[in-house]
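Below is one structure, written out as structure tokens; comments come after it.
Every number here is computed from the coordinates shown, using simple stated rules; none is lab data. Fair warning: this is a prediction, and the values are worked out from it, not measured in the lab. Positions of Cβ are generated from backbone atoms using ideal geometry, with glycine treated the same way; all protein chains shown enter the neighbour counts.
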Amino acid sequence: MADYDLVIAGGTVVTPSDMFAADVGIAGGRVAAVGLDLRGRRMVDAKGLLVMPGGVDSHCHIEQLQDGGGADEETFVTGSTAALAGGTTSVVTFSTQFKGHGILEPFAEYRRRAAAAMVDYAFHQIITDATDEVVFNEIPQVAAAGVRSLKAFLTYDPLHLDDRQFIRVLAAARRNRMLVTVHCENYEAINWRTAALLADGRTAPKYHAWSRPSMIEREATHRAIALAEMVDQPIQVFHVSCPEVAAEIARAKARGLKVWGETCPQYFVLSADHMDRPGFEGAKFMCSPAPRDAAASEGLWACIRDGVLDIVSSDHSGWSYDTPVGKRVNGVDAPFRDIPNGVPGLQARLPVMFHEAVTKGRMDASGFVRLTASNPARLFGLYPRKGTIAPGTDADIVLWDPTKTVTLTNALAQHVIDYTPYEGMQVTGWPVMTLRRGEVVMRDGKVQAEPGSGQYLARAPYDMIEPTGNVPNGFDASAFLI
Ligand code: DUC
Ligand code: ZN
Ligand code: ZN
């Protein structure tokens with residue numbers, strides 16, 4: 001007799017801590033059993049395949065509203081399609097604030113737009129203007145609506161916060177039990193070098209990397225950590241590009257601070273040289289922080305092995321190469337300063353990282369699952385519902401063929417963006433089926449999911465982001481509404 005709606009039979013189940021031959025029984029959209037000889041009304045043959053938790057991409061920009069109107073090209077439908085095609089079943093994306101405005105209206109608009117998603121989704125709330133109204137009145141309301149992370153930019157016009165504003169965001173997060181994620185680069189240093197580069201006629205995309213060398217990322221990371229320590233507020237440093245930046249996080253961890261570090265596929269397989277392609281082509285690889293060099297990429301693996309960096313997200317950012325609203329929005333002769341930053345990676349994240357991590361023998365599949373699914377789920381309050389395979393968890397599962405070799409091209413990509421920075425890269429290891437809450441939503445590259453079938457993941461307070469209780473002089477300044 002069949003005990004389950006569906007059984008994935010004969011594969012190798014990969015959890016964050018283990019790998020073993022077993023069947024997975026699914027009932028009511030959840031994992032009901034992991035065991036041997038399970039019988040389901042439907043059977044999926046997973047012989048020769050890895051059965052892994054669906055990816056959790058905790059940093060991706062989807063349908064992000066732009067100052068002055070419009071939104072990113074990547075919609076919640078196209079972004080979901082790309083994610084599911086690549087084996088990712090949950091995302092944490094952004095609700096953004098525009099200076100001079102509050103956060104409640106855009107948050108409602110993001111909730112409205114995201115209702116079309118097919119992946120499950122949560123939000124980080126970007127704060128660009130830490131007014132009294134936002135900090136004391138509105139942040140508590142988005143927290144109550146299930147947003148447990150804020151994002152602060154220490155650079156970028158018009159997003160960046162000065163130190164005073166950043167401290168106010170840290171304090172608001174502490175009062176409301178939220179994590180703060182931080183884009184760490186020094187605003188004034190970038191502007192200073194950019195002005196000099198442009199004055200010298202150095203406008204090509206490759207000078208993007210020259211404008212923001214690694215020490216300005218290191219400085220901002222150091223500062224963010226010091227200020228977070230003063231407030232006693234846990235933070236995650238986004239998109240760490242190189243080991244010298246990760247060293248700041250390692251020092252903080254060694255002192256017992258709640259500081260985590262994320263990196264992205266682009267920092268393993270791209271370098272500043274990619275931005276030196278002829279003409280405007282280098283724009284395809286422009287993101288911030290800028291990719292560094294091969295030694296930096298290799299050095300990131302030691303940071304991962306040592307547990308300093310524990311999450312790989314995509315930082316997917318939707319700018320096409322050839323459309324008027326994308327990288328060319330200011331023309332093909334635009335100086336690097338005026339070219340939108342960001343690379344797409346929602347779909348490519350898992351294949352690129354599996355190839356670099358597992359196929360190349362740097363770690364086993366459990367390590368890969370930790371980096372790309374379970375650690376992001378833990379840090380953002382979604383675990384164990386997301387990020388592992390065990391009785392009671394959502395049946396978000398990717399069946400992965402570790403022997404399948406594929407050449408990445410934009411023709412294979414299902415995002416709306418018209419290029420991939422990984423064009424021509426050969427990877428071994430490929431998602432062949434994705435299940436989201438027990439439903440087969442991708443088979444052999446074909447995504448079949450109803451728009452609107454994704455669920456909003458409201459997050460409740462969780463232990464990992466509780467403050468430590470250590471404040472300078474035992475005086476908790478964050479308790480004061482200042
Ligand atoms: N950097 C970011 O911080 N966000 C999106 C794109 C990028 O390159
Ligand atoms: Zn960023
Ligand atoms: Zn980003």
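Label 7 Å along Cα→Cβ of residue 450; region 106-131 residues with amide nitrogen under 16 Å?
115-120
Hey, what did region 67-366 get for relative contact order, percent, Cα under 8 Å, at least 6 apart?
Working: 524 pairs, mean separation 47.0, N = 300.
Over region 67-366, the number comes to 16 percent.
When the Debye formula is applied to the Cα atoms of region 67-366, each taken as the same point scatterer, what base-10 log of I(q)/I(0) results at q = 0.07, 0.08, 0.16 Å⁻¹?
At q = 0.07, 0.08, 0.16 Å⁻¹ the computed log10 ratios are -0.26, -0.34, -1.54.
Test of understanding: ordering 293, 129, 57, 72 by Cβ neighbours within 10 Å, fewest first, what list do you get?
Fewest-to-most Cβ neighbours within 10 Å comes out as 293, 129, 72, 57.
Scan around residue 124 for amide H atoms under 5 Å from its own, H built in the peptide plane at 1.01 Å from N, and keep only partners 5 or more places away or cross-chain.
93, 94, 95
Taking a virtual spin label 7 Å from the Cα of residue 479 along the C-beta vector, which residues in region 119-152 bring their backbone nitrogen under 19 Å of it?
136
Report, as a whole number in µm² per second, the diffusion coefficient that Stokes-Einstein gives for region 371-414 at 25 °C and 0.890 mPa s using the Kirkwood radius over alpha carbon pairs.
In µm²/s, the coefficient rounds to 194.
Quick query: amide H of residue 118 versus all other amide H atoms, modeled in the peptide plane; which residues come in under 5 Å with a sequence gap of 5 or more or a different chain?
Close amide H contacts, sequence-distant or interchain: 80, 452, 454.
Pull up all non-local amide H partners of residue 241: gap of 5 or more, or a different chain, and H-to-H distance under 5 Å with H placed in the peptide plane.
Hits under the 5 Å cutoff: none.
Along region 194-211, what does the Karplus equation 6.51 cos²θ - 1.76 cosθ + 1.60 (θ = phi - 60°) give for ³J(HN,Hα), rounded to whole Hz, x for Gly and Pro?
Karplus-based 3J(HN,Hα) across region 194-211 equals 4, 4, 5, 4, 5, 4, 8, x, 8, 10, 5, x, 5, 6, 3, 5, 5, 6 Hz.
Lysine pairs, Cα distance under 27 Å, 8 or more residues apart or cross-chain: how many in region 67-366?
Taking region 67-366 as the scope, the lysine pair count is 10.
Please work out the FRET efficiency for the pair residue 195 and residue 440, using the Cβ-Cβ distance as r and a Förster radius of 51 Å; give the result to the nearest 0.05.
The calculated FRET efficiency here is 0.40.
Using θ = phi - 60° and the Karplus form 6.51 cos²θ - 1.76 cosθ + 1.60, what ³J(HN,Hα) does each residue of region 402-418 get, whole Hz, x for Gly and Pro?
Values, residue by residue: x, 9, 7, 9, 9, 9, 6, 9, 5, 5, 7, 6, 10, 6, 7, 5, 8 Hz.
Got a sec to turn the phi values of region 55-71 into Karplus ³J(HN,Hα) couplings, 6.51 cos²θ - 1.76 cosθ + 1.60 with θ = phi - 60°, whole Hz, x for Gly and Pro?
In residue order, the calculated couplings are x, 10, 9, 8, 7, 8, 9, 10, 6, 6, 5, 10, 4, x, x, x, 8 Hz.
For residue 177 and residue 17, what does the FRET efficiency come to when R0 = 45 Å and r is the distance between their Cβ atoms, rounded to the nearest 0.05?
0.95
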